[in-house]
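For reference, the structure is listed below as structure tokens.
The values are calculated or read from the model by the stated rules, or taken from the named source; none is laboratory data. Owing to the predicted nature of the structure, the values given are computational and were not obtained by experimental measurement. Neighbour counts run over all protein chains shown; Cβ positions are idealised from the backbone, glycine included.
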Amino acid sequence: MTHFNTLRLILVILLACNSVPALAQRSDVGNWFIYFGNQSINKKWNWWNEVQYRNFNFAGDLQQLLFRTGIGYNLGENNNNLLLGYGFIHSQRYLAGTENKTGSNEHRLYQQFITRQNFGRVFLQHRYRAEERFLPGDFQFRLRYFLSLNLPLNHKTMSKNTIYFSAYNEVFLNTRSPVFDRNRLYGALGYVINRNFRTELGFMAQTQETTNRNQFQLVLFNNLPLKKTN
């Protein structure tokens, strides 16, 4: 597949996604615009930065605005990484039986460990995360396990101009009842722009104890280092 055809494929998918806002409202499908930044400080340290704009519909009806940052340390083996971070989350929800919304803020501390594996063309990532959630009038502790894979489709590695399939599953567990908080299952097509940038367009199904909600996701990954290396 040529570079032009690759860009055309991505454009067609984006236009198809953009054509469903009315359907999204009827079928309880939202949309998340996501930016992930992972900036290398040096060989051992990295700075994580993240913004997520989550909508009840395709765009313009805010459900949640999330900012997350952290400092990580590379352990060397299998690109293992330890990270300590902070998150700020502004959430909005509709009041029952009305079109009015109310907002709340959450402050969150988190600690995580990431390890990576590859089996041929399949690239796996395991992420274990603990969260201390400071909610209005409440404190909660939560555990998360995230398993993802990337599979290059037109190249053997995740090199420039690669189209790839991406998928993940993440389970959230509380330390008090109810223990099960939610599960997220995701599938996407991605495109590697260059060694520092890639993008994905995908669909995520979220299951909670009493409700289910699905999301389109448009994601940009930025791995541009803070300091240029020779």
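Tabulated results
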item	result
Residues being aromatic (Phe, Trp, Tyr) and either closer than 14 Å to residue 128 by Cα or at pLDDT below 90 (or both) - total across segment 77-101	1
Segment 119-128: number of residues that are assigned to a strand (DSSP E or B) and touching a Leu at 6+ places or on another chain (Cβ under 7 Å)	4
Total residues in segment 194-230, condition touching an Asp or Glu at 6+ places or on another chain (Cβ under 9 Å) and of a type in the set (Phe, Trp, Tyr)	1
Selection count where residues are within 17 Å of residue 149 (Cα to Cα) and of a type in the set (Asp, Glu), scope segment 165-215	2
Segment 200-213: number of residues that are in contact with a Phe, Trp or Tyr (Cβ under 7 Å, 6 or more places away or on another chain) and buried (at least 16 other Cβ atoms within 10 Å of the Cβ)	2
Residue 115 closer than 25 Å to residue 55 by Cα and among the β-branched types (Val, Ile, Thr)	no
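Residues checked against (1) assigned to a loop (DSSP other than H, G, I, E, B); (2) in contact with a helix residue (DSSP H, G or I) (Cβ under 8 Å, 6 or more places away or on another chain); (3) surrounded by fewer than 16 Cβ atoms within 10 Å (Cβ to Cβ):
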site: 98; (1), (2), (3): yes, no, yes
site: 103; (1), (2), (3): no, no, yes
site: 112; (1), (2), (3): no, no, no
site: 115; (1), (2), (3): no, yes, yes
site: 131; (1), (2), (3): no, no, no
site: 134; (1), (2), (3): no, no, yes
site: 158; (1), (2), (3): yes, no, no
site: 167; (1), (2), (3): no, no, yes
